[in-house]
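Remarks on the structure that follows.
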Amino acid sequence: FRHKEHVSVARDAHGLVGPKMAWLPFSVDSASLPRPIPSEKKHKVLFLGNSIASVYPKRAAVLRECRAVMRAPGRILAYKRYLALASQHRFGLTCKSKYNIDPAKMLEYAAVGCIPLCDSSPGQGDLLPGLSFQYESPEDVLRIVRQSDPERLRKMSEGCIAHVRKHHTHAKRAKDFMEEVCSLY
């Protein structure tokens with residue numbers, strides 16, 4: 001399953017059972033990642049994605065109330081351009097949907113050193129241990145952005161890049177998948 005919650009949903013809500021069910025999160029294409037840029041040259045917060053309030057209510061509130069620190073290009077971007085733009089930002093706003101699905105953006109942002117701001121996605125702590133921030137309200141986002149220590153953020157940004165390249169690339173996930181399949185025999 002790509003999302004952490006889906007293992008328990010398959011089991012508990014749908015009664016699926018099998019020899020083995022596993023969470024193998026999405027991954028990033030390490031060949032598409034741009035070179036990191038220095039922290040001091042980064043903008044504050046980037047938002048790329050769907051802003052439909054009914055699906056993403058917390059994110060919609062942040063977008064409404066945090067305009068002063070937010071940058072949202074408002075257009076569809078090719079993947080490499082999307083990653084390059086994310087690499088230019090200190091933080092990336094992301095969230096789970098009302099369906100409690102881990103956002104792929106969390107890893108994509110982290111892969112380029114853009115620290116994810118997420119609303120308690122189920123896999124957030126497992127995917128990026130200590131390398132993201134959690135928000136409950138727009139006030140949390142503003143507090144995080146305004147009160148964060150630049151040196152700590154630089155280290156987190158570098159840690160995000162290193163962690164994703166070590167644990168969440170397509171090559172690593174393919175290996176994980178093959179190990180899961182082979183463990184069945």
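Just so you know, in region 166-185 the residues that are in a helix (DSSP H, G or I) and open to solvent by less than 60 Å² (accessible area, probe 1.4 Å) include one that is nearest to Ile37 (Cα to Cα), and it is Arg173. Taken over region 149-173, the criterion of being free of Cβ contacts under 8 Å to residues at least 24 places away in the same chain and small (Gly, Ala, Ser) is satisfied by Ala162 alone.
Open to solvent by 50 Å² or more (accessible area, probe 1.4 Å) and without any contact (Cβ under 8 Å) to a residue 40 or more places away in the chain: does that describe Arg75? Here the answer is yes, as Arg75 does meet what is asked.
Restricting to region 56-76, what's the tally of residues that are under 14 Å from Gly92 (Cβ atoms) and either of a type in the set (Gly, Ala, Ser) or touching a Pro at 6+ places or on another chain (Cβ under 9 Å) (or both)? Residues flagged as under 14 Å from Gly92 (Cβ atoms) and either of a type in the set (Gly, Ala, Ser) or touching a Pro at 6+ places or on another chain (Cβ under 9 Å) (or both) within region 56-76 amount to 4.
For the structure I just gave you, tell me whether Lys4 is surrounded by 14 or more Cβ atoms within 10 Å (Cβ to Cβ), touching a helix residue (DSSP H, G or I) at 6+ places or on another chain (Cβ under 9 Å), in contact (Cβ under 8 Å) with a residue 24 or more places away in the chain and within 23 Å of Gly125 (Cβ to Cβ).
Working: surrounded by 14 or more Cβ atoms within 10 Å (Cβ to Cβ): yes; touching a helix residue (DSSP H, G or I) at 6+ places or on another chain (Cβ under 9 Å): yes; in contact (Cβ under 8 Å) with a residue 24 or more places away in the chain: yes; within 23 Å of Gly125 (Cβ to Cβ): yes.
It is true that Lys4 is surrounded by 14 or more Cβ atoms within 10 Å (Cβ to Cβ), touching a helix residue (DSSP H, G or I) at 6+ places or on another chain (Cβ under 9 Å), in contact (Cβ under 8 Å) with a residue 24 or more places away in the chain and within 23 Å of Gly125 (Cβ to Cβ).
Just one of the listed residues (Leu93, Leu48) is under 20 Å from Ser137 (Cβ atoms), crowded, with 19+ Cβ neighbours inside 10 Å, touching a strand residue (DSSP E or B) at 6+ places or on another chain (Cβ under 8 Å) and among the aliphatic types (A, V, I, L, M), and it is Leu93.
Determine, yes or no, whether Asp126 is surrounded by fewer than 22 Cβ atoms within 10 Å (Cβ to Cβ), closer than 30 Å to Ser8 by Cα and at pLDDT 85 or above. Yes; evaluated as a whole, the condition is true for this residue.
From the list Pro116, Pro73, which one is of a type outside the set (Asp, Glu) and within 16 Å of the chain's Cα centre (by Cα)? Outline the logic, then answer.
On the way: Pro73 fails: within 16 Å of the chain's Cα centre (by Cα).
Residue meeting the stated conditions: Pro116.
Does Ser32 satisfy being surrounded by 14 or more Cβ atoms within 10 Å (Cβ to Cβ) and among the small types (Gly, Ala, Ser)? For Ser32, the condition - surrounded by 14 or more Cβ atoms within 10 Å (Cβ to Cβ) and among the small types (Gly, Ala, Ser) - is met. The set of residues in region 138-165 being open to solvent by 30 Å² or more (accessible area, probe 1.4 Å) and under 19 Å from Phe47 (Cβ atoms) consists of Glu139, Asp140, Leu142, Arg143, Arg146.
Can we say Glu108 is over 26 Å from Ala61 (Cβ atoms), open to solvent by 20 Å² or more (accessible area, probe 1.4 Å) and either not in a helix (DSSP H, G or I) or not β-branched (Val, Ile, Thr) (or both)?
no
Just one of the numbered conditions (1) of a type in the set (A, V, I, L, M); (2) in a helix (DSSP H, G or I); (3) more than 9 Å from the chain's Cα centre (by Cα); (4) within 27 Å of His170 (Cβ to Cβ) is not true of Val145; which one? (4) is the only condition that Val145 fails.
The values are calculated or read from the model by the stated rules, or taken from the named source; none is laboratory data. Remember, predicted model here, so these are calculated numbers, not experimental data. All Cβ positions, glycine included, derive from the backbone under ideal geometry; neighbour counts span all protein chains shown. Surface areas here come from the heavy atoms of the whole protein model, side chains and all, with no ligands, DNA or RNA. Shrake-Rupley method; radii C 1.70, N 1.55, O 1.52, S 1.80 Å.
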